[in-house]
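Have a look at the structure below before the remarks.
Bear in mind that the values in this text are calculations on the coordinates, not laboratory data. Bear in mind that the values here come from a model prediction, so they are computed numbers and not experimental data. Here the Cβ positions follow ideal geometry from the backbone for every residue, glycine too, while neighbour counts run over all protein chains shown.
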Amino acid sequence: MTVTNKTFSTIEELDLSLDIQNLSTEKTLIQVFSGFVQESEIRQIQSIITRKNPQIQFIGTTTAGEIFQGKALEKTITVSIIGFEHTQVQEAYFSGEDDFKLGTEIGAKLIKDNTKAMILFVEGLYTNGNDIVDGISSLNNSITLAGGLAGEDGRLENTYIFDQNGVYEKGCVCIALHSDILNVYTDYQLNWQAIGKTMTITKAHKNRLYEIDGIPVHQVYTKYLGEEVGQNLPFSAVEFPLLKIEDDGLEICRTFTHQFEDGSLLTVGNLEVGDKVRFSFGNIDLILKDATTHFTKFSSLNPEALFVYSCAARKSLLQEKISQELLPLNKIAPNAGFFTYGEIFHKNNKVSLLNESFTILALSEKKPQTSEKIINAQSIESPKKKINNFLQDKHFLILNALTNLSNRVITELEEVQQQLKEQSNRDFLTNLYNRRYFSEVSKNIINVSRREEKSSSIISIDIDYFKKINDTYGHSIGDEVLKELAKILQNSTRKSDIVARFGGEEFIILLPFTSIQGAKKIAEKLRRTVEKTPVQIDNIITVPFTISIGIDAIEENDTMIEEVLNRADRALYQAKKNGRNQIVIGSK
């Protein structure tokens, strides 16, 4: 493999100095990163490259900054040329209205049995890159995907991608690498720290976010981060993106590229209803602290080329310190890349579209070193800095401490809120669910039962002669009877069943997806257990008691749980009328 990275200050210099003659069209990977972002400029660049070698394949993108040999550049044209020995290159452009379908088309055309990696440059503002990579992954999730969303100078107006056939303001250009020996490695850094309470996405459609915690998203930003932030969306949200943590532990930030008239925001990457998110901020000291050690492992993998696809927000945050994150890469391999509006990252058969992150794609046609060396390299950690002088710079320590304090307070408040919520759902005496909680849950159950066309049932229970128990033994003994029955109900039902005390001596059990015959078996088991389990008070008083039970099922045309409860209550009344300590199945 040969690696040639070049940077040009002007379009004229590119025209004068770029040499791409005598390159193999099938074994050459060319990426073009352009800090010139106007359409007319991109067309000139594209024309120059195709004129110099009409047969060559390449992909290009506008950028929010270029990366060249560990340096962050602006307003340049950086060209990376990789000459493979044992890897074939295949390029194509794709566009369409349905971005997920577009992704499946990319996979269908470019994926072969020996495809090792694909590099994608996606238009950065109006194309859903999340759907594209999900579409590709739906066909084959083992192929490494890398690259990013096209950037520009921060105005969020237009981005462009291009290849040997044209310049495009929508869609995706993609290069597939086919090889039997190519080694591909990926990694990423984020170092954005969560702050504030956990919130829930309550209204979203793919990459359009409407509400968080039932509040319009722009109002959420104003409420917690102030009017200045709220009034300057989407630009102001770059410093405070939403952070969510995937099930596999991957941290993903979501920032925005456009605000619609209704206040909703276009996100870089999808969010789903139910996602848990928090505000986050970039910790400069943590980013720089990890820069040297995080990518040490790549030196043990024998990479011959590194490609960096890093978020424009990192460049904006770090400013002149961005070089401290990039320079360590020079010790590993030649490197080039660009600052993106979204980073494509693949690890462990899962592809994600990230924001605010620093991603690396490493390629090599050499054999890697032993796995033992790789493990040792991965385990390298920088020693913790000991503070032994109160005059030394401690702003990193202070920031971490304040962040930890804030997050700890939020965690404790959320734990208290959860406890209070749980208590509000419970009956204070029996610790069963109360009537209010039962009403909330039953609405969902009845809707699911109707939709899935599966039967669910209600058991209504009343303690026989409970007033007589209170009159004979006192209300404190009556309370013990209530608690004993609650214990029996809990021990005799499934985790999915909803057991509630409705008040006094009346109890209700909701049995999801259980036929009326199944409910009858459960009810009979309960009746017999109660009959055989008198309440013992200090081994002195024995209080036997029985229960009467009414049962009914949620019917197809039931729209409210009260209808079923009324039928079950009528059946319960009939059981009492028939002599108590028995079961009656209701009927309409």
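Ranked highest first by the average count of other Cβ atoms within 10 Å around their residues, in what order do 192-200, 577-585, 505-513, 532-540 fall?
The densest-packed peptide leads the list: 505-513, 192-200, 577-585, 532-540.
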Q) At a Förster distance of 45 Å, what's the computed FRET efficiency of Ile537 paired with Glu415, Cβ-Cβ distance as r, to 0.05? A) 0.75
Q. Using only the Cα atoms, what convex hull volume per residue in Å³ does segment 64-151 have?
A. 118
Q: Using only Cα atoms, find the angle between the long axis of helix 475-491 and the longest principal axis of the chain, and express it within 0 to 90 degrees, rounded to the nearest 10.
A: 50
Q: Could you let me know the centre-to-centre spacing of segment 549-577 and segment 159-210, using Cα atoms, in angstrom?
A: 54
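Calculate the tail of P(r) for segment 1-124: the fraction of all Cα-Cα distances greater than 20 Å, expressed in %. Spell out each step's value before the answer.
Details: 3657 of 7626 pairs.
Of the Cα pairs, 48 percent sit more than 20 Å apart.
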Q. By how many degrees, between 0 and 90 and to the nearest 10, does the Cα long axis of helix 395-424 differ from the longest principal axis of the chain?
A. 30
Q. Taking a temperature of 37 °C and a viscosity of 0.692 mPa s, what whole-number D in µm²/s does Stokes-Einstein yield for segment 465-523 with Rh from Kirkwood over alpha carbon pairs?
A. 257
Q. Dipole size in debye (nearest 20) for the chain around its Cα centre, Lys and Arg Cβ +1, Asp and Glu Cβ -1?
A. 1960
Q) Excluding same-chain residues fewer than 8 positions from Lys101, which lysines have a Cα within less than 17 Å of its Cα? A) Lys109, Lys170, Lys206
Q.
Name the residue from Leu23, Gln44, Thr76 whose Cα lies farthest towards the positive end of the charge dipole of segment 1-124, charges +1 on Cβ of Lys and Arg and -1 on Cβ of Asp and Glu.
A. Leu23
(Q) Just want to confirm a number: the relative contact order over the chain, from Cα pairs under 8 angstrom separated by 6+ residues, in percent. (A) 12
(Q) Name the residue from Phe428, Leu327, Val273 whose Cα lies farthest towards the positive end of the charge dipole of the chain, charges +1 on Cβ of Lys and Arg and -1 on Cβ of Asp and Glu. (A) Phe428
Q: Using packing as a proxy for protection, rank 27-34, 555-562 so that the peptide with the highest average count of other Cβ atoms within 10 Å comes first.
A: 27-34, 555-562
Q. Among 174-182, 310-318, 44-52, how do they line up from the highest to the lowest mean number of other beta-carbon atoms within 10 Å?
A. 310-318, 174-182, 44-52
Q) With charges only on Cβ, +1 for K and R and -1 for D and E, what is the dipole size of segment 153-208 about its Cα centre, in debye, rounded to 20? A) 580
Q) For segment 450-554, how many pairs of lysine residues have a Cα-Cα distance under 22 Å, where the two are 8 or more positions apart or belong to different chains? A) 22
Q | At R0 = 25 Å, FRET efficiency that the Cβ-Cβ distance of Met560 and Ser496 yields, to 0.05 | A | 0.70
Q | Given charges at Cβ of Lys, Arg, Asp, Glu: the chain dipole, positive-most of Leu361, Phe513, Ile67 | A | Phe513
Q: For the chain, restrict the atom set to alpha-carbon positions and state the Rg and Dmax in Å.
A: 32.3, 106
Q: Could you pull out which residues in segment 240-254 have an amide N less than 12 Å from a spot 7 Å beyond the Cα of Lys347, following the Cα-Cβ vector?
A: 246, 248-252
Q) What spacing in nm lies between the two simple spin-label points modelled at Thr202 and Asn578, each 7 Å away from Cα in the Cβ direction? A) 4.6
Q.
So, R0 is 41 Å and r is the distance between the beta-carbons of Tyr465 and Lys521; what FRET efficiency does that work out to, to 0.05?
A. 0.95
Q: Work out the length of the dipole vector of segment 1-115 about its Cα centre, built from +1 on the beta-carbon of each Lys and Arg and -1 on the beta-carbon of each Asp and Glu, and round it to the nearest 20 debye.
A: 240
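Please give the calculated 222 nm ellipticity per residue for the chain, where each DSSP H segment of at least 4 residues contributes -39500 (n - 2.57) and the sum is spread over every residue; nearest 500 deg cm²/dmol?
When only DSSP H runs of four or more count, the value is -10500 deg cm²/dmol.
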